[in-house]
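To start, the structure itself, in structure tokens.
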Amino acid sequence: MRGRFAMRLGVRVRRWVLPLVGAFLITNCTTASTPTDPTTPGPTPRVSSTDAPTGATGMPPSELAVAGIAVAQSMGDDPALKVSVRRPVAPGQVGLSSAIAGWATSAESAFRGDYVANPEAPPELNVGWQVVTASGPVLGIRMETFEFGGASGQTSHRVFYGDGSDTWTGADLIAESARASILARVLAAVSAQGHPTLGPGPSGEPGETTAQDVLSDVTITAAGDVVVLLDQGAAAPHSSGNLRVTIPSADAVGMLSERGRRVAQAVRSGLPYAVSVPSSAAPTAGGPSAGSGGSTATPPPAPPTPPASGPVPAASVDCAVLKCVALTFDDGPGPLTGRLLDSLVSAGAPATFFVLGQNVRIHPDVVARMVRSGMVVANHTWDHRDLKRLTLEESRSEVDRTAAEITRVTGTSTILMRPPYGSYAPQTTTLGQSIILWDVDTEDWKNRSAAVTTSRALATVRSGSIILMHDIHASTVEAVPGIVAALKARGFTLVTIPQLLGSTTPGKVYTRRTAG
Ligand code: NI
């Protein structure tokens, strides 16, 4: 299965080299009157564009949440080759989690094989996920991919299902014998909507569409309708956006496979999601890491650990007088963040955490503890997309969703934001946020060595510095106590960003404290 997905990803990239412009410009939902396919009479499918996209890859975010899902992250913060891959690890869904891990690893390997670092037009891979079905024992996960190859961008998505003992994909919901028929119906419906169609063709040749292309993202509603979400560039040109084809239940029921009927029954039942979790089978990240970014995994939630000592005192410090330096940690919180908090608290060292909104949702206890411990929680967007490639509306959503989640969990608000990869556009400065960059880059994501991270943190640090690290790497967590001790020995006072910079101005970009 891995090979097939990797191959399909690679083929897709080469087949549809289309401009990014308009990638997210989706028209309002419309309903088409479609001619009946002569080969399969019955209720006509409905075609609509998806709602205004706000997710990482143009998909509307799902509000379905499943307790206990952990997250594995593979983050490469190279500004010339941007990689952010996040995938779920679900308790009791070993097969599903491992199928997703295999697919994600293949996708990242294929990306790293296809593209080289390019500072002028950095390639970008962003993989996110959301729950699309959670009923009875059935869990459905949509994996969303945005891939930018240096000249063009491509979104794609696919759904994986599991019920604790069996694992399958969206295409598997449709009986083999019905796939040609459903492909013809989807293409007819898309065509009737006024979109040129690509295909169908029998063999996946360029310009042709196969059932596999069309059926990567198939879900079933409580009413029994089958919803086919088309990749951009699958079935219709890229410029047609994210098309959704709904096949009414009366027509769809005869097309379902046995697995499809299982999903339909689970969704129709309305039962809460419940899968048995063997007591000895706690989820693990499982999947191998790929590329220089490496992987980290989040274990299932554990009871909050008390801090090793009392909170860091919110001492009033005057950085106009003292030699101040701010430690900052991006991309978390993750499974190692609690341990990092322990060491910061015991050293009496406040720090600033630029968190991903989706990770706040997974680890609310850790984020609440940050604030209780005297740390500052700030915004690193929801999906870790390169903000230069998003519209103003999409950028605002990335920032605002995260800000709302931080406030929900901590009761505090912030206008401090660090754009992923330090990459921002002029419009980013209009979002009401102060943009906090850094002047000391440990490159901890790349060196993955406590010794190298330490020497890079200390080599060029000076009064007013902002040091960039990531709390998702074990080597970083290991390095921090030594870095803190060395900075203190040199007479530095460790502070948060608000302590370092004082009141900041929305729209202004800061790399360090520059004036007395
Ligand atoms: Ni980051």
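Val477 sits among other residues whose Cβ lies under 9 Å from its own Cβ, and their net charge, with Lys and Arg +1 and Asp and Glu -1, is -1.
Estimated from the Cβ-Cβ distance and a Förster radius of 22 angstrom, the FRET efficiency linking Ala474 and Val509 is about 0.10. Rounded, prolate or oblate: pick one for the range 81-203, where a ≥ b ≥ c are the square roots of the eigenvalues of its C-alpha gyration tensor, a/c under 1.5 means rounded, and failing that, prolate if a/b is larger than b/c, else oblate. It is oblate, given that a/c is not under 1.5 and a/b is not larger than b/c. Stretching Ala486 away from Arg408 to a fully extended chain increases their span by 24.5 nm, per 0.36 nm per residue minus the current alpha-carbon distance.
In terms of the mean number of neighbouring beta-carbon atoms within 10 Å, the peptides 390-399, 75-84 order highest first as 75-84, 390-399.
With a simple spin-label model that places each label point 7 Å from the Cα along the Cα-to-Cβ direction, the separation between Asp365 and Arg448 comes to 2.9 nm. Hydrodynamic analysis of the range 392-516 uses the Kirkwood radius over alpha carbon pairs. Inserted into Stokes-Einstein at 20 °C and 1.002 mPa s, it gives a translational diffusion coefficient of 135 µm²/s. Computed from the Cβ-Cβ distance with R0 of 30 Å, the FRET efficiency linking Leu64 to Ser98 stands at 0.90. What net charge is computed for the residues neighbouring Asp331, neighbours being all others with C-beta under 11 Å from the C-beta of Asp331, Lys and Arg scored +1, Asp and Glu -1? Spelling it out: positives minus negatives among the neighbours equals -2.
The value obtained for the range 347-412, namely the Cα convex hull volume divided by the number of residues, is 79 Å³ per residue. Quick check: net charge around Arg46, other residues with Cβ under 9 Å of its Cβ, Lys/Arg +1 and Asp/Glu -1? Within the 9 Å Cβ shell, the charges total 0.
Each reported figure results from applying straightforward, stated rules to the coordinates on display, with no laboratory input. Keep in mind that what you see is a predicted model, and the values were worked out from it rather than measured. Neighbour counts are summed over all protein chains in view; Cβ atoms, including those assigned to glycine, are modelled from backbone coordinates with ideal geometry.
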